[in-house]
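None of the figures in this text is laboratory data; all of them are computed from the coordinates on show. Just so you know, these numbers come straight off a predicted model, no measurement behind them. For neighbour counting, all protein chains shown are included, and Cβ atoms are generated from backbone atoms with ideal geometry for every residue, glycine included.
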Amino acid sequence: MKTVNLLMAGCLVWLAGSSAVLADWTKYLDTAKEAMGTAGVSSTDVDLTNTEMVTALKEALDKGTQYAVDKLGQPGGFLDNKKVRIPMPDSLSWVESSLRTLGQDELADEFIATMNAAAEEAVPEAADIFGEAIQNMSVEDAQGILTGPDDAATEYFRTHTETALSDRMQPIVEAATARTGVTAAYKNMLAKAGGLGGMLPGSSTDIDGYITGKTLDGLFLMIAREERKIRTDPVARSTELMQKVFGAYN
């Protein structure tokens with residue numbers, strides 16, 4: 001009888017101990033389960049649809065291009081901004097230095113000012129061209145851009161549209177150069193430079209092409225600046241969808 005009682009007592013002690021161990025083990029499993037439920041959840045696990053990604057990216061590019069057009073497409077937009085100001089073409093730099101040496105600074109300054117004025121007039125026309133390119137962006141393009149560097153959208157944009165933009169912008173620039181007197185200023189500068197003008201290579205006379213290229217450089221620079229701001233600064237995300245998508249990919 002004593003033996004039976006001892007065995008029963010031992011079982012009760014074991015069961016009590018097992019219950020404690022079981023409780024501890026259950027608690028451990030629950031904790032581990034919770035940890036597994038949250039571990040490894042990255043920002044890209046936010047429930048985003050393809051439509052949301054593409055739309056948010058297009059909103060960002062619309063914002064960036066509008067920012068660039070507004071900043072550059074006004075009097076002084078190029079000339080007063082050292083980062084985008086159009087300088088004398090390299091092929092004419094020695095003519096400029098010669099004129100300045102002779103005290104004819106106003107001739108060089110006039111030519112530079114008219115080139116920048118032509119760019120400022122042409123810039124607003126780029127808005128529609130940018131808009132068309134933005135609308136043609138695919139889901140795959142958007143996914144690659146969202147996971148890319150801070151200027152991924154701008155670089156994609158430039159790679160896929162620069163040639164078409166240049167072709168469409170050239171006539172606009174040509175009309176702007178005529179209105180702002182670039183050609184007249186150019187001829188006046190060369191005339192006053194005397195024999196220097198006859199020594200210039202033929203390619204240096206493609207002023208319209210030069211201005212077009214520099215205009216696009218300035219536009220893309222400003223777009224890239226705004227894109228970087230949208231990616232890194234939540235305040236710059238002006239719509240709820242942009243906040244959601246760029247917040248997830250930040």
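I want to check the label-to-label distance for Ala178 and Asp128. Put each point 7 Å from Cα in the C-beta direction and report it in nm to one decimal.
The answer from the label model is 1.8 nm.
Label points 7 Å out from Cα along the Cβ direction at Ser93 and Leu221: separation in nm?
1.5
Of all GluC sites (Glu not before Pro) in region 116-182, which ones are in loop regions per DSSP and have a Cβ with at most 14 other Cβ atoms within 10 Å? Display every interim value, and only then the final one.
Details: sites: Glu120, Glu121, Glu125, Glu132, Glu140, Glu155, Glu162, Glu174; in loops: none.
Qualifying residues, ordered by number: none.
Tell me the label-point distance for the pair Leu102, Arg168, using the 7 Å Cα-to-Cβ offset, in nm and rounded to one decimal.
Spacing of the two 7 Å Cα→Cβ label points: 4.3 nm.
Which ³J(HN,Hα) values in Hz, rounded to whole numbers, follow from the phi angles of region 138-143 under the Karplus curve 6.51 cos²θ - 1.76 cosθ + 1.60, where θ = phi - 60° and Gly and Pro get x?
Using θ = phi - 60°, the values come out as 8, 4, 4, 4, 4, 4 Hz.
Say the cut-off is 28 Å between C-alpha atoms; which of Lys58/Lys83; Lys82/Lys187; Lys83/Lys244 go over it?
On the way: Lys58/Lys83 26 Å; Lys82/Lys187 26 Å; Lys83/Lys244 32 Å.
The answer is Lys83/Lys244.
In nm, what is the difference between 0.36 nm times the number of residues separating Lys187 and Asp206 and their Cα-Cα distance?
5.6 nm
How large is the charge dipole for region 47-249, taken about the Cα centre, if only the Cβ atoms of Lys, Arg (+1) and Asp, Glu (-1) carry charge, to the nearest 20 debye?
It works out to roughly 460 debye.
Output ³J(HN,Hα) for region 63-78: one whole-Hz value per residue in order, computed from phi by the Karplus curve 6.51 cos²θ - 1.76 cosθ + 1.60 with θ = phi - 60°, and x for Gly and Pro.
5, x, 5, 5, 4, 5, 5, 5, 6, 8, x, 9, x, x, x, 8
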